[in-house]
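First the structure, in the form of structure tokens, and then the observations on it.
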Amino acid sequence: MPTLNASEIVRGHILQVTSAALGHGAEELKDGALLLDTKGHILKKGNFADISKEYSSLPVRDYSGSLILPSFFDTHIHFPQLDMIGSCAEELLLWLQRYTFPREAAFRGRTQFVKDAAKNFVDELASNGTSFAVVYSSSCGEATDVLFEEFERRGLRVILGKTSMDRHCPDEISVDVEQDKAWTEMLIKKWHKKTDRLHYALTPRFAPSCTNELMAMLAKLHDDDPSLYMQTHYAENRNEIEWVAELYPEAKSYLDVYDSRDLLNSKTILAHSIHTNAEDEQLLLERDVVISHCPTSNLFLGSGLFKGKSYLEQGLKVTLGTDVGAGTSFSQWQSMNEAYKVAQLKQERLSPSDIFALATVAAGKHLGFPNLGCLEEGYIADFQVIDPESRPILARHLAMATTAEERLTALIHFADDRCLKELNIQGQPVYKRA
Ligand code: GUN
Ligand code: ZN
């Protein structure tokens, strides 16, 4: 019996990973179809022949010859680092002082520069197939407001926060507790859950950037509203970890700096989380936090090799981030490519589909959006359309691939923004390649 509110059929070669479980593998339907309702929800997935027969009166959006995949989550990225990708430094702390902090000072106010940068930033996400980003803005409330406006205008999904920092940085980007509180409260009131695509994350940059007073203020806001996300950096680099131990002599560990302030729960996103011991990992598990693995950044800054497989086997909630501007690409294909190699260097085996899941179905599940990240009945139709002919080398590898896993492998090696034809959110195009 045809479903009453069915509105259209989307046709193409569907390729995806449908479970966050390690080893689940990739799946495909070569001449597949998604039956959508008027709100962009997937009512049914199946072979085009079957669905088009059953719903013969419905219009068909025909992407035959193209691949349809779930669009990406990028669970860690910095807006004010848009222009400093590839700034070379020996390690994180020097990189922050030498390039990052001075650069972030430009992202203040509602200036034309900030408006243009916000547009370029959101464009860059969309043109790389990312429909959901977890973003650090600058420390300025007004610039963050501009960025929220841009996400709303473009219709992308975002968890976004103004970066909170009041020490160990230049005066131009240091924001005192009172101003930080006023801006943070204004942004939460104006944007948090304004629509189901817009969310706020409290964003203490990392423990060394925040005084006890600033941490306490954020912890209070966190405590007052359990629907807020919290994002920060954790255990990225050895020098950083030593510094945290000096700055917080009373803390049992780096993680304890956050945990003792009750900042860790299932809405916490910790970037990096590389240098951990068994006790830390137990606490990460108990607090149910989300981890953002940022391989292009970790390799660029020489921060360390993430323990992907071991974390996943322990049941830790691992997702994938670009971490632009320490990360070197907006493309999650590139993050996957390097995540694979990081696992190899650790003598671990993660398959392309294990890694693809981190930027799609696992991210949806772990961030609390269990109906995003895959293209099955009951999910929301956030999807990207990829043209296999966009690059001859990609076309060759896709043509030679015999399994869904091999097709994902080809994409991880050869896909980039040139290959994205269209990005859809809730069934509606938000980006089309010119
Ligand atoms: N730790 C504190 N701030 C940052 C940042 O901007 N990037 C990275 N990669 N690590 C950080
Ligand atoms: Zn970062």
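The values are calculated or read from the model by the stated rules, or taken from the named source; none is laboratory data. The model shown is predicted, which means the values in this text are computed figures rather than measured ones. Heads up, the Cβs are rebuilt from the backbone with ideal geometry, glycines too, and the neighbour counts pull from every protein chain shown.
List of remarks:
- Matching entry among 48, 101, 73 (being under 17 Å from residue 383 (Cβ atoms), at pLDDT 95 or above, buried (at least 17 other Cβ atoms within 10 Å of the Cβ) and within 16 Å of ligand 2 (Cβ to nearest atom)): 73
- Selection from the stretch 190-217 of residues that are more than 13 Å from residue 148 (Cα to Cα) and in a helix (DSSP H, G or I): 207, 208, 209, 212, 213, 214, 215, 216, 217
- Inclusion of residue 379 among residues that are more than 18 Å from the chain's Cα centre (by Cα) and of a type outside the set (Val, Ile, Thr) is warranted.
- Look at (1) more than 16 Å from ligand 2 (Cβ to nearest atom); (2) of a type in the set (Phe, Trp, Tyr); (3) in contact with a Gly (Cβ under 8 Å, 6 or more places away or on another chain) and you find that residue 300 fails only one, number (1).
- The numbered conditions (1) surrounded by fewer than 24 Cβ atoms within 10 Å (Cβ to Cβ); (2) within 15 Å of ligand 1 (Cβ to nearest atom); (3) within 15 Å of the chain's Cα centre (by Cα); (4) small (Gly, Ala, Ser) are all true for residue 127 except (2).
- Within the stretch 197-245, restricting attention to residues that are in contact with a strand residue (DSSP E or B) (Cβ under 8 Å, 6 or more places away or on another chain) and among the hydroxyl-bearing types (Ser, Thr, Tyr), the residue that is nearest to ligand 1 (Cβ to nearest atom) is 209.
- Scanning the stretch 36-66 for residues that are among the aromatic types (Phe, Trp, Tyr) and assigned to a strand (DSSP E or B) gives a single hit, 63.
- Filtered residues of the stretch 175-233 (kept if over 30 Å from residue 425 (Cα atoms) and of a type in the set (Gly, Ala, Ser)): 182, 207, 209, 216, 219
- Of the criteria (1) more than 11 Å from residue 375 (Cα to Cα); (2) in a strand (DSSP E or B), which one residue 33 fails: (1)
- Residues of the stretch 374-418 satisfying the condition of being in contact with a Ser or Thr (Cβ under 6 Å, 6 or more places away or on another chain) and among the polar types (S, T, N, Q): 384
- Filter result for the condition that a residue is in a loop (DSSP other than H, G, I, E, B), in contact with a Pro (Cβ under 6 Å, 6 or more places away or on another chain) and touching a residue at least 12 places away in the same chain (Cβ under 8 Å), over 408, 398, 375: 375
One line per residue, one yes/no per condition, for (1) free of Cβ contacts under 8 Å to residues at least 24 places away in the same chain; (2) within 30 Å of residue 204 (Cα to Cα); (3) of a type in the set (Gly, Ala, Ser):
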{"position": "55", "(1), (2), (3)": "no, no, no"}
{"position": "62", "(1), (2), (3)": "no, no, no"}
{"position": "67", "(1), (2), (3)": "no, no, no"}
{"position": "81", "(1), (2), (3)": "no, yes, no"}
{"position": "86", "(1), (2), (3)": "no, yes, yes"}
{"position": "89", "(1), (2), (3)": "no, yes, yes"}
{"position": "94", "(1), (2), (3)": "yes, yes, no"}
{"position": "97", "(1), (2), (3)": "yes, yes, no"}
{"position": "104", "(1), (2), (3)": "no, yes, no"}
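- Looking only at the stretch 419-434, and only at residues there that are out of contact with any Ser or Thr (no Cβ under 9 Å at 6 or more places or on another chain) and among the polar types (S, T, N, Q), the one that is surrounded by the most Cβ atoms within 10 Å (Cβ to Cβ): 426
- Every listed requirement among (1) assigned to a helix (DSSP H, G or I); (2) in contact (Cβ under 8 Å) with a residue 12 or more places away in the chain; (3) within 18 Å of residue 158 (Cα to Cα) is met by residue 221 save one, (3).
- Exclusive hit being in contact (Cβ under 8 Å) with a residue 24 or more places away in the chain, over 24 Å from residue 106 (Cβ atoms) and part of a helix (DSSP H, G or I), set 172, 185: 185
- Out of 310, 292, 335, one residue alone is assigned to a helix (DSSP H, G or I), within 16 Å of ligand 2 (Cβ to nearest atom) and at pLDDT 95 or above. It is 335.
- Test: residue in the stretch 277-288 that is surrounded by 17 or more Cβ atoms within 10 Å (Cβ to Cβ), within 16 Å of ligand 1 (Cβ to nearest atom) and outside any loop (DSSP other than H, G, I, E, B): no
Residue by residue, here is whether (1) buried (at least 20 other Cβ atoms within 10 Å of the Cβ); (2) charged (D, E, K, R) holds:
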position: 135; (1), (2): yes, no
position: 143; (1), (2): yes, no
position: 155; (1), (2): no, no
position: 158; (1), (2): yes, no
position: 161; (1), (2): yes, no
position: 170; (1), (2): no, no
position: 181; (1), (2): no, yes
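- Exactly one residue out of 243, 183 is over 30 Å from residue 295 (Cβ atoms), aromatic (Phe, Trp, Tyr) and over 21 Å from the mean Cα position of the chain (by Cα), and it is 183.
- Condition met for residue 255 (farther than 22 Å from residue 282 by Cβ and buried (at least 17 other Cβ atoms within 10 Å of the Cβ)): no
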